[in-house]
1. When the Karplus curve 6.51 cos²θ - 1.76 cosθ + 1.60 is applied with θ = phi - 60°, which whole-Hz ³J(HN,Hα) does each residue of region 99-111 get, with x for Gly and Pro?
2. Over 22 Å between C-alpha atoms is what I'm after, so list which of 167/212; 167/254; 167/252; 50/76; 164/252; 164/195 land there.
3. What is the local net charge at residue 281, summed over the other residues whose Cβ is closer than 11 Å to its Cβ (Lys, Arg +1; Asp, Glu -1)?
4. Ignoring ligands, DNA and RNA, please state the percent of accessible area on region 22-142 from carbon and sulfur, probe 1.4 Å.
5. What does the accessible area per residue of region 49-97 come to in Å², with a 1.4 Å probe and no ligands, DNA or RNA counted?
6. Using each residue's phi in region 164-174, evaluate 6.51 cos²θ - 1.76 cosθ + 1.60 at θ = phi - 60° and report the 3J(HN,Hα) Karplus result to the nearest Hz, with x for Gly and Pro.
7. Name the long-range amide H neighbours of residue 120: under 5 Å, sequence gap of 5 or more, or other chain; modelled H, no Pro or chain starts.
8. Before I look further, what does region 108-215 give for accessible area per residue, probe 1.4 Å, in whole square angstrom?
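The values are calculated or read from the model by the stated rules, or taken from the named source; none is laboratory data. Given the structure is predicted, the values throughout are model-derived calculations rather than measurements. With ideal geometry, Cβ positions are generated from the backbone for all residues, glycine too; neighbour counts draw on all protein chains shown. Surface accessibility is based on the protein's heavy atoms, side chains included, excluding ligands, DNA and RNA. Shrake-Rupley method; radii C 1.70, N 1.55, O 1.52, S 1.80 Å.
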Amino acid sequence: MAITGNGSLATLLFLFMIPAALHKVQSQNLVTDNVAVVEGDVAVISCRVKNNDDSVIQLLNPNRQTIYFRDVRPLKDARFQLVNFSDNELRVSLSNVTLSDEGRYVCQLYTDPPQEAYADITVLIPPGNPIIESREGQVIEGNETEMTCTAMGSKPAATIRWMKGDKELQGKSKVEETYDTMFTVTSQLTFTVTKEDDGVPVVCIVDHPAVKDVQAQTYLVVHYKPEVKIVVEFPDGLPREGQNMELSCQAKGKPHPQQINWVKVDDDLPSHALITGPDLYIENLNKTYNGTYRCFAANSVGESYDDYILYVYDAPTTTPIPTTATTTTPTTTTISLPEATADTTPSTEPAAHDSRAGEGAPRAVDHAVIGGVVAVVVFAMLCLLIILGRYFARHKGTYFTHEAKGADDAADADTAIINAEGGHNNSDEKKEYYI
């Protein structure tokens, strides 16, 4: 019994499927298209017959009411107008489309059996102008900001994209269905701002099949603390003693810095330093002014500063070339040394000025010059010693003593003296030389 029941059910399904298959094949002779139309525009419905055998074509509305039978309009709705009627086509327009016109329209061909084709009309309702809102009008650098974009009353639901400058950002969207299958879409965007974002446009772009390029935008207002930079107005090169100097404090921030101060780190400013607005003017530089000068700038967000290290160099001088002359005489030696000058050490200053450091090592002592002078003095002393030695060698004195002759042969002392006196009378006179 169970087998017989299942077989009967299969037979019934087969019998129902045969007419449906035959209807599908036969309805392929009648074709139409779905239509999407913006509310208020014109929709055109076309019923086309591939091979007409003089059968009658008619168009029905979603309520199965006849709109057109051949080229006759039984329905009393003047918004429907005949665009074209022929053996192969029935084309009808519907103007000022409203949401109530949405539905399935039927193209019907009176054959045996009748053929039908369906055209679905979809009414598109564009969203209203998007509304963009920011949680705060002004954002401090480094903080997060939150923006919301809303597109209301659309069908179907719109999509929302975000752009910050030329960069696309990802927001979080929420879709709410209202009355008559209308939708409201809200997108929320959260991001951290930097000072570079100040003045950058943030754009909310709404995409919908009924409209193109619908957008709203706002501009970011970012507050940030000042950026400070010290610029040397003059002198152009290295700062030297006796010159004047002017330093300018350039500060940029939002809001604009209202307070700019100059100080000298770990010391007081020179007594005759002049501060005029953002500029510091110092007259008649000297080495006591060396140190670090700092400029402070502040606004409602915060405070920043920049430093300038001042090193005052010696005033430029001209150093004469050292000369040495040596004169030698038999008794005296004269050595001329270079005259003392205010600055006998050549400068080793750098050729260019570093406004950020202002530093440089004090002038190094030139050991080559000192060594040369010492060598000349030593050489002159050696020459003097050699000359004096030769002079004394040529004038060396002699002392001759003539002993009494015959003293060795005398018998006694008296005889030796007598012989000696006789010898003195006959010999040359004794000579002595002293130097």
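1. Here the 3J(HN,Hα) series is 5, 6, 7, 5, x, 9, 9, 10, 8, 10, 10, 7, 10 Hz.
2. Details: 167/212 20 Å; 167/254 24 Å; 167/252 26 Å; 50/76 30 Å; 164/252 24 Å; 164/195 14 Å.
Among 167/212; 167/254; 167/252; 50/76; 164/252; 164/195, the Cα-Cα distance tops 22 Å for 167/254; 167/252; 50/76; 164/252.
3. Working: positive: none; negative: 233, 246, 279, 283.
Once positives and negatives cancel, what remains is -4.
4. On the way: 3010 of 6570 Å².
Within region 22-142, the accessible surface is 46 percent carbon and sulfur.
5. Values: 2810 Å² over 49 residues.
Value returned for region 49-97: 57 Å² of accessible area per residue.
6. 10, x, 9, 10, 8, 10, 9, x, 10, 9, 9
7. Amide H to amide H, under 5 Å and 5 or more residues apart or across chains, residue 120 pairs with 34, 35, 105.
8. Values: 5840 Å² over 108 residues.
Ligands and nucleic acids excluded, the result is 54 Å² per residue.
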